[in-house]
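Structure record follows, encoded as structure tokens.
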Amino acid sequence: QVTLGESGGGLVQAGGSLRLSCTASGQTFSDFNMGWFRQPPGKEREFVAAISRSRPITYYADSVKGRFTISRDNPKSTVYLQMLSLKPEDTAVYYCAASTAIIITTSDRLYRYWGQGTQVTVSS
């Protein structure tokens, strides 16, 4: 069992930045590939970024590539999402998730554990 807790969301103006954090507890953090997803208001949940267990391999949705950076600190059991040049369309509830899949994946069905989410609102 893994418990995930996100923090760092908030209200920011377009062009601003935020860093989300997600801290895990319960099992060895480095056993999991980690991902960030988001759910905009009235829309389906969508993939944002993922990072592998070690020798970090990362993958991004096209909509955030070049603006968002995912990273992890295994000794601190924490994964981060640095978000730059935020746009109003980035407004969403952001979730971190943990996957035991062999490779990093964009499919939310392959993420077993989820955080409660943190709201990010970008004003124009």
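Computed quantities for the displayed model
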| item | result |
| --- | --- |
| Filter result for Val122 (among the β-branched types (Val, Ile, Thr) and part of a strand (DSSP E or B)) | yes |
| Region 4-16 residues that are in a strand (DSSP E or B), paired with ones that are surrounded by fewer than 13 Cβ atoms within 10 Å (Cβ to Cβ) (beta carbon under 6 Å, 6 or more apart) | Gln13/Ser123 |
| Ser107 out of contact with any strand residue (DSSP E or B) (no Cβ under 7 Å at 6 or more places or on another chain), closer than 17 Å to Val64 by Cα and not aromatic (Phe, Trp, Tyr) | yes |
| Residues being at negative phi and assigned to a loop (DSSP other than H, G, I, E, B) - total across region 17-49 | 9 |
| Test: Thr100 is in contact with a helix residue (DSSP H, G or I) (Cβ under 9 Å, 6 or more places away or on another chain) and surrounded by 16 or more Cβ atoms within 10 Å (Cβ to Cβ) | no |
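Conditions tested, residue by residue: (1) open to solvent by 10 Å² or more (accessible area, probe 1.4 Å); (2) under 22 Å from Val12 (Cβ atoms); (3) assigned to a loop (DSSP other than H, G, I, E, B); (4) modelled with pLDDT of 95 or more.
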{"residue": "Pro56", "(1), (2), (3), (4)": "yes, no, yes, no"}
{"residue": "Ser63", "(1), (2), (3), (4)": "yes, yes, yes, yes"}
{"residue": "Gly66", "(1), (2), (3), (4)": "yes, yes, yes, yes"}
{"residue": "Ile70", "(1), (2), (3), (4)": "no, yes, no, yes"}
{"residue": "Gln82", "(1), (2), (3), (4)": "yes, yes, no, yes"}
{"residue": "Leu86", "(1), (2), (3), (4)": "no, yes, yes, yes"}
{"residue": "Glu89", "(1), (2), (3), (4)": "yes, yes, no, yes"}
{"residue": "Tyr95", "(1), (2), (3), (4)": "yes, yes, no, yes"}
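The values are calculated or read from the model by the stated rules, or taken from the named source; none is laboratory data. As the structure is a prediction and not an experimental result, all values here were calculated from the model. Quick reminder, even Gly has a Cβ in these numbers, built from the backbone with ideal geometry, and neighbours come from all protein chains shown. Only protein heavy atoms, including side chains, enter the accessible area calculation; ligands, DNA and RNA are left aside. Shrake-Rupley method; radii C 1.70, N 1.55, O 1.52, S 1.80 Å.
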